[in-house]
Amino acid sequence: MRTRSTISAILSIFFLFSLLLARPASAHQQSLASSKITFENTKMHVSLLIDQKSILEINGFDIEKTQSLDEAKLSSQIKDKSFDYIKSGFHVKNNGKEMPVALEAVSVPDLANVQFDLTFTSDELIDKIDFDYNIFFENSNGMHKNVATIENGDKTDEFVFTNSTRHLAMEAGVELSFWSTLGQFVLMGIEHILTGYDHLAFLLTLIILGGSFKNILKIVTSFTVAHSVTLILSAMSVVTLPTRLIESLVAVTILYVGIENQFIKNTNYRWVLTGFFGLVHGFAFAGALAETQVPKNHFLEALLTFNVGVEIGQLLVVIVLLPIILYIGRFNWNVWVVRGISGGVALFGLIWFMQRAFELNILPFLAV
């Protein structure tokens with residue numbers, strides 16, 4: 001008995017360290033921006049709204065500490081350094097000629113973002129435009145995104161600048177294809193679930209008990225349907241809940257399932273509980289989508305394709321984990337694997353709950 005308990009403890013510690021190693025501690029991953037781009041004869045105006053953590057980071061602040069900028073703290077040094085950084089990596093050409101950029105204003109519209117109003121000028125009418133957007137990627141492990149809304153004549157286009165889509169070529173008055181942008185939202189959904197370690201931990205604890213393939217399918221389907229419902233309702237502002245409450249409840253679901261796995265033996269009815277908890281996770285997914293500044297012009301399409309991406313990412317995880325779980329389930333010592341890993345997940349759930357509900361600075365590099 002003692003040997004089995006030791007095995008369980010070792011597996012729990014191994015799981016903890018595997019998650020620690022999976023999380024980069026030196027850079028923040030939620031680097032988000034949005035841009036409103038308008039054309040006016042020989043000028044192009046860009047309102048760049050960027051999350052404050054990205055600005056703090058390029059100005060040498062320690063982003064692990066709680067800091068925020070307001071109008072009083074937005075010194076000229078921060079403005080100048082930030083603008084120098086932006087213009088060094090954000091270039092626009094008109095008909096192949098570089099358009100010089102000027103900083104019109106910097107403001108702090110809210111505690112989460114800083115806005116830079118930029119003007120690019122050409123010596124001829126705006127015609128064929130090339131954007132090269134190469135900023136904020138290096139400090140976010142390539143996870144930075146900028147959702148751009150482009151007022152192009154009497155049309156409104158959208159484009160998402162990502163690590164893999166840093167260049168955009170377009171013509172004034174010619175509408176962009178939105179299909180490529182929808183594909184970007186699918187990728188964003190996949191990326192969100194695969195880097196959302198709290199959601200992955202929850203999914204793992206749901207299926208690690210194994211059981212029949214039918215039961216596992218019911219559990220995964222229940223989770224999928226439930227979080228899809230609340231994702232859509234919340235993103236469309238039909239039902240909204242405070243972010244702090246939702247993130248805290250997500251941690252509670254992880255803690256509960258990790259503890260329950262120490263005792264539960266029959267998974268026949270677990271899909272019911274999973275559906276209830278899935279509603280909570282759907283609100284969290286909606287919060288992540290809101291942070292990406294979804295374009296209003298194609299809101300429903302972006303919402304649905306983001307959800308498709310989440311489901312694809314979830315399916316990929318299940319496809320990888322399920323054969324391993326079913327194989328291990330054939331052995332008597334499987335119960336100690338389940339208890340060990342579930343214990344580690346429960347500990348993470350407790351830490352996340354303390355961080356989110358009470359804003360305690362417990363292992364800040366584990367914050368997700």
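The values are calculated or read from the model by the stated rules, or taken from the named source; none is laboratory data. Keep in mind that this is a model prediction, so the values were computed, not measured. FYI the Cβ positions are ideal-geometry reconstructions off the backbone, even for glycines, and counts take in every protein chain you see.
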Note on Ala286: of the conditions (1) of a type in the set (A, V, I, L, M, F, W, C); (2) surrounded by fewer than 21 Cβ atoms within 10 Å (Cβ to Cβ); (3) over 22 Å from Asn215 (Cβ atoms), unmet is (2)
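Could you say which residue among Lys265, Lys296 is among the basic types (Lys, Arg) and within 21 Å of Gly189 (Cα to Cα)? I'd like the intermediate steps shown before the answer.
Values: Lys265 fails: within 21 Å of Gly189 (Cα to Cα).
None of the other options fit; the residue is Lys296.
Residues are listed down the side, and each one gets a yes or a no for (1) of a type outside the set (Val, Ile, Thr); (2) over 20 Å from Lys36 (Cβ atoms):
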position	(1), (2)
His144	yes, no
Asp157	yes, no
Thr162	no, no
Leu176	yes, no
Val186	no, yes
Glu191	yes, yes
Here the qualifying pairs (Cβ atoms under 6 Å; residues six or more apart or on different chains; first in the stretch 265-279 and among the charged types (D, E, K, R); second at pLDDT below 95) come out as Arg270/Ile219
Requested in this report: Check whether at least one residue in the stretch 162-180 is of a type in the set (Lys, Arg), within 22 Å of the chain's Cα centre (by Cα) and surrounded by fewer than 22 Cβ atoms within 10 Å (Cβ to Cβ), and report yes or no.
Outcome: yes
Exercise. Has the stretch 350-359 got at least one residue that is outside any helix (DSSP H, G or I) and either over 26 Å from Lys218 (Cα atoms) or in contact with a strand residue (DSSP E or B) (Cβ under 9 Å, 6 or more places away or on another chain) (or both)?
Worked result: yes
* Examine the stretch 314-335 for a residue that is touching a residue at least 60 places away in the same chain (Cβ under 8 Å), in the same structural domain as Ser222 (by TED's automatic domain parsing), assigned to a helix (DSSP H, G or I) and in contact with a His (Cβ under 9 Å, 6 or more places away or on another chain), and state whether such a residue exists. => yes
Within the stretch 104-127, residues touching a residue at least 40 places away in the same chain (Cβ under 8 Å), outside any loop (DSSP other than H, G, I, E, B) and over 19 Å from Lys81 (Cα atoms) come out as Pro109, Thr121
